[in-house]
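First up is the structure itself, then whatever we jot down about it.
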Amino acid sequence: MQSIERGFAMLELLSMADSPLSLQEISQSLTLSKSTAHGILATMSNLGYIQKSKQGYSLGLRLRELSKPLEQNDESIRQHFAPLLKHMAQLTDNTAYLAVQSGSQEYLYIDAIERANPLTIRSPRGRREGLTTSAIGKVFLAFDEELKRSQRLGGQISPALEQELNQVKEQGYALDLEQAEPNLNCLAIPLYLEGKLTAVAGVSGAANELNQARLVHFAGVFLKH
């Protein structure tokens, strides 16, 4: 199990690198001995998930085969919710985001319609964030009982957060009023396909512009869309 976790950690490390990494860079980044890192890299290279060159190690082409179904699924989700995302950005005149769950700890931004607001995330596609630290993450937790249970078992949900998640589920949306970042307010709503929680849409902007009253109003509008 530990080798599997280390292998995936290597893939994530290489995916964030602008150029191939050396064995020393990989072992130091992941706090592994060179022999352990080399053994895992050799196995991953033989399987085609990592490729080795004179410059170092990089992602292997076999990953492209695995990612195709996920890319197609993300594109389908983007297209389905594109009208809503556009409506959210236009109505609030702020940046709107679309995110999907990525494992049991994070979510992944797969789309955004940006507005000229220096506080909002620039080019968020491909960026991951923790589930317990934002309005978007709290919607995933509030509306997915199995996910919330796993977080609870892992000690990630405090009594205060549990109470907040219950409120989110009751009202149908989540607010972040300068909790994640000063002067930035956010709204997030759940999105369903065929009765299943599929994604979360969010909008964020300056706290003095997108105040709590306006966000609550927008939540009612977007949930009816």
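The values are calculated or read from the model by the stated rules, or taken from the named source; none is laboratory data. Keep in mind it's a predicted model, so treat the numbers as computed, not measured. Methodologically, a virtual Cβ is constructed for each residue, glycine included, from the backbone with ideal geometry; neighbour enumeration extends over all protein chains shown. Areas reflect the complete protein model, heavy atoms only, side chains present, ligands, DNA and RNA absent. Shrake-Rupley method; radii C 1.70, N 1.55, O 1.52, S 1.80 Å.
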At least 2 residues that are modelled with pLDDT under 90 in each: list the helices (runs of 4 or more DSSP H) lying fully within the stretch 1-83 that qualify. 2-16
Would you pick out the residues in the stretch 128-146 that are in contact with a Lys or Arg (Cβ under 8 Å, 6 or more places away or on another chain) and among the polar types (S, T, N, Q)? Thr132
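One line per residue, one yes/no per condition, for (1) surrounded by fewer than 16 Cβ atoms within 10 Å (Cβ to Cβ); (2) farther than 26 Å from Arg127 by Cβ; (3) under 24 Å from the mean Cα position of the chain (by Cα):
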position: Glu5; (1), (2), (3): yes, no, yes
position: Met10; (1), (2), (3): no, no, yes
position: Leu14; (1), (2), (3): no, no, yes
position: Pro20; (1), (2), (3): no, no, no
position: Gln24; (1), (2), (3): yes, yes, no
position: Ser33; (1), (2), (3): yes, yes, no
position: Met44; (1), (2), (3): no, no, no
Identity of the residue in the stretch 46-79, among the polar types (S, T, N, Q) and without any contact (Cβ under 8 Å) to a residue 12 or more places away in the chain, that ends up least open to solvent (accessible area, probe 1.4 Å): Ser67
Could you check Leu161 against (1) over 24 Å from His87 (Cβ atoms); (2) open to solvent by 30 Å² or more (accessible area, probe 1.4 Å); (3) among the aliphatic types (A, V, I, L, M) and say which number it fails? (2)
Which one of these is small (Gly, Ala, Ser), open to solvent by 60 Å² or more (accessible area, probe 1.4 Å) and at pLDDT 90 or above: Ala219, Ala213? Ala213
Taking the residues in the stretch 97-133 that are open to solvent by 10 Å² or more (accessible area, probe 1.4 Å) and of a type in the set (S, T, N, Q) as candidates, determine which candidate is modelled with the highest pLDDT. Gln101
